[in-house]
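The values are calculated or read from the model by the stated rules, or taken from the named source; none is laboratory data. Just so we're clear, the structure is a prediction, and the values are computed from it rather than from any experiment. Reconstructed Cβ throughout: ideal geometry from the backbone, glycine too, with neighbour counts over all protein chains shown.
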Amino acid sequence: MKTYALFPGCSLEKIALSYAQSAVESARLLGVEFKELADWNCCGATAYFHVDELLAYTLSARNLAQAERENLDVVAPCAACYKNMYFTNEYLKSDPDLAEHVNFALEEDGLHFSGKIAVRHLLELLAREVGPEQVRQRVTNPLEGLRVAPYYGCQIIRPRKANEDVEQPQFFEELLLAMGAVAVDYPYKLRCCSGSLLITSRHAALSLVRDLLQCAVDRQAAVIATACPLCQVNLECYQQQVNQEFGTDFSMPVMYFTQLLGLALGIPPKRLGIGSELVEATPVAPYADRVERAA
Amino acid sequence: MQAKLPFSQEISNLLYAAHGNPVQTCIQCGTCSATCPVADFMDYTPRRLIGMIRADMKDEVLDSNTFWFCASCYHCTVRCPKGIDIAGLMYGLKRYSMWHGHYQEGLIGPVFSEAFVKTIMGSGRSYEPVLAPSYMLSFNLREFLQEAQTATSLMLKGRLPVLPPRIRHLEEFKRMVERVIPLGRTS
């Protein structure tokens, strides 16, 4: 059992609670234990960077320093939390002057950043480090025939970190295949969900969401799998508003990849937070029933 | 006395701080505009905006909605053949316009960012119900009702928080923030 510090982020406390539940449950069966970071604060989303860069780095560094104190690598399930923490970690390691400024502020909370831990996104951890092979061995309820669109979104993949493939990544697809599902070729898999534009530039955002849903329909996906609470909320909870705005009739379930993974691993749907969707997850019902019957 | 920096240089300096190439290296190829999913809704495309910055068209740039419509998806950044961090540039422009209080009237972006940061400074964590007035008040009636409907559905599914969360070390947290921005307290 390998232990990581889990940085849930504000969304996973409530609006994306099912993501937190399904992440913890699925990871445990794959030999990964999460310990919630003690007194974490908001990662800053995009808003801090609109106001002050040093403040943004300081707030992410406070979370990193707490994980360092526990001597645990940190895992973020949200793409924005992940991007902020990953790049804060890298910038502070490469810029001693910036680190000194940040550490001066951290002293107030008895913390210190030294750059000795790594930051990972949950999808990377499960799809790449645990890996499809280990997942395949643990699958007891393969999602045969379920057509899933792998939606990477933006900040898991971007900005570029080293020389990795930012145009055609495949690790999400490989994880879905390991679950026994069909990974749909989804051309918009890397396109933006509109992020916080749903609040600040509503019309533009709704049309971005419409395009993503239409693309999934065109590719005959039964469900879109996401790895970020903001993507999930934008694509699912705003689907009704898209329909009202554009006269469409989308009814596309949008689930966390960990919920699908959990089902494939034979975890009962309730423990994966299935049932709190606004767009009912009808296409996964047969697979969920199978787990319940077996239990 | 030293001459004042031209606008293009001011913005380039911001971009150095964000670990990107300066805008002066832009070859106006338009890859950013072709990649951007929001370009159709912007007053000027990203390529055009960079051209305007280089021409020191400060007022036109700051008065545009372009950078406030950037969702920070970094698609342009990873594709720029000159390695300019264009999403980082949009962040730089947002900060510049916030500091100078110079932005297009009626935009929700600047108001929301300020409300968000103040919420975090007060409690350490984000809380939707406190943030909602910063943007819902500028919605028209139809948008307001749609948003209220979505919120109601979420509440019925137990997906909205009832009580505002706060971190335990709030006093230490506030003192930490004061070491970065010594501007007094927000709550």
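Things to note:
- Whenever a residue of the range B:75-94 is on the phi < 0 side of the Ramachandran plot and in contact (Cβ under 8 Å) with a residue 24 or more places away in the chain, its partners that are assigned to a helix (DSSP H, G or I) and among the acidic types (Asp, Glu), lying with C-beta atoms within less than 9 angstrom and at least six residues away or across chains, give the pairs B:91/A:53; B:92/A:53.
- Test: residue in the range A:205-219 that is closer than 26 Å to residue A:263 by Cα, in a loop (DSSP other than H, G, I, E, B) and in contact (Cβ under 8 Å) with a residue 40 or more places away in the chain: yes
- Number of positions in the range B:155-176 that are among the hydrophobic types (A, V, I, L, M, F, W, C), at pLDDT below 90 and surrounded by 15 or more Cβ atoms within 10 Å (Cβ to Cβ): 1
- Restricting the range A:94-121 to residues that are among the charged types (D, E, K, R) and under 25 Å from the mean Cα position of the chain (by Cα), the residue that is nearest to the other protein chains (Cβ to nearest Cβ) is A:120.
- Residue within the range B:120-130 that is surrounded by fewer than 15 Cβ atoms within 10 Å (Cβ to Cβ), at the interface with chain A (Cβ under 8 Å from one of its Cβ atoms) and either modelled with pLDDT of 85 or more or in contact with a strand residue (DSSP E or B) (Cβ under 9 Å, 6 or more places away or on another chain) (or both) present: no
- Whichever residue in the range A:88-131 is over 19 Å from residue B:181 (Cα atoms), in contact with a helix residue (DSSP H, G or I) (Cβ under 6 Å, 6 or more places away or on another chain) and among the β-branched types (Val, Ile, Thr) and, among such residues, is surrounded by the most Cβ atoms within 10 Å (Cβ to Cβ): A:119
- Residue check, residue A:33 surrounded by fewer than 19 Cβ atoms within 10 Å (Cβ to Cβ) and more than 23 Å from residue B:14 (Cα to Cα): yes
- Selection count, the range B:35-55, where residues are away from chain A (no Cβ under 13 Å) and loosely packed, with under 15 Cβ neighbours inside 10 Å: 1
- Members of the range B:89-117 that are more than 10 Å from every other protein chain (Cβ to nearest Cβ), farther than 12 Å from residue A:200 by Cα and surrounded by fewer than 18 Cβ atoms within 10 Å (Cβ to Cβ): B:100, B:101, B:102, B:104, B:105
- Total residues in the range A:126-143, condition in contact (Cβ under 8 Å) with a residue 24 or more places away in the chain and in a helix (DSSP H, G or I): 10
- Residue ID - farthest from residue B:71 (Cα to Cα), chosen from residues in the range A:201-217 that are more than 12 Å from every other protein chain (Cβ to nearest Cβ) and either of a type in the set (Ser, Thr, Tyr) or buried (at least 22 other Cβ atoms within 10 Å of the Cβ) (or both): A:216
- Residues of the range B:30-41 classified as hydrophobic (A, V, I, L, M, F, W, C) and closer than 17 Å to residue B:88 by Cα, total: 4
- Looking at B:34, B:3, B:18, just one residue is modelled with pLDDT under 95 and either among the aromatic types (Phe, Trp, Tyr) or over 20 Å from the mean Cα position of the chain (by Cα) (or both), and that residue is B:3.
- Residue check for residue A:37: within 23 Å of residue A:103 (Cβ to Cβ), within 14 Å of another protein chain (Cβ to nearest Cβ) and in contact with a Leu (Cβ under 8 Å, 6 or more places away or on another chain): yes
- For beta carbons closer than 6 Å, sequence separation of 6+ or different chains, a first residue in the range A:1-13 that is touching a residue at least 12 places away in the same chain (Cβ under 8 Å) and a second that is among the basic types (Lys, Arg), the qualifying pairs are A:3/A:35; A:5/A:35; A:10/B:125.
- Residue list for the range B:67-77, filter: at the interface with chain A (Cβ under 8 Å from one of its Cβ atoms) and in contact with a Ser or Thr (Cβ under 9 Å, 6 or more places away or on another chain): B:68, B:69, B:71, B:72, B:73, B:75
- Some residue of the range A:48-65 being under 16 Å from the mean Cα position of the chain (by Cα) and at pLDDT 95 or above: no
- Test set (1) more than 27 Å from residue A:39 (Cβ to Cβ); (2) more than 7 Å from chain A (Cβ to nearest Cβ); (3) modelled with pLDDT of 85 or more - residue B:138 fails condition number: (3)
- Some residue of the range A:159-180 being touching a Ser or Thr at 6+ places or on another chain (Cβ under 8 Å), closer than 21 Å to residue B:36 by Cβ and either among the hydrophobic types (A, V, I, L, M, F, W, C) or in the same structural domain as residue A:18 (by TED's automatic domain parsing) (or both): no
- Residue among A:259, A:244 that is of a type in the set (S, T, N, Q) and either more than 15 Å from the chain's Cα centre (by Cα) or assigned to a strand (DSSP E or B) (or both): A:244
- Taking the range B:19-122 and the helices (runs of 4 or more DSSP H) fully enclosed by it, the elements with 1 or more residues that are closer than 25 Å to residue A:81 by Cα and outside the structural domain of residue B:175 (by TED's automatic domain parsing) are at B:31-35, B:75-79, B:86-99.
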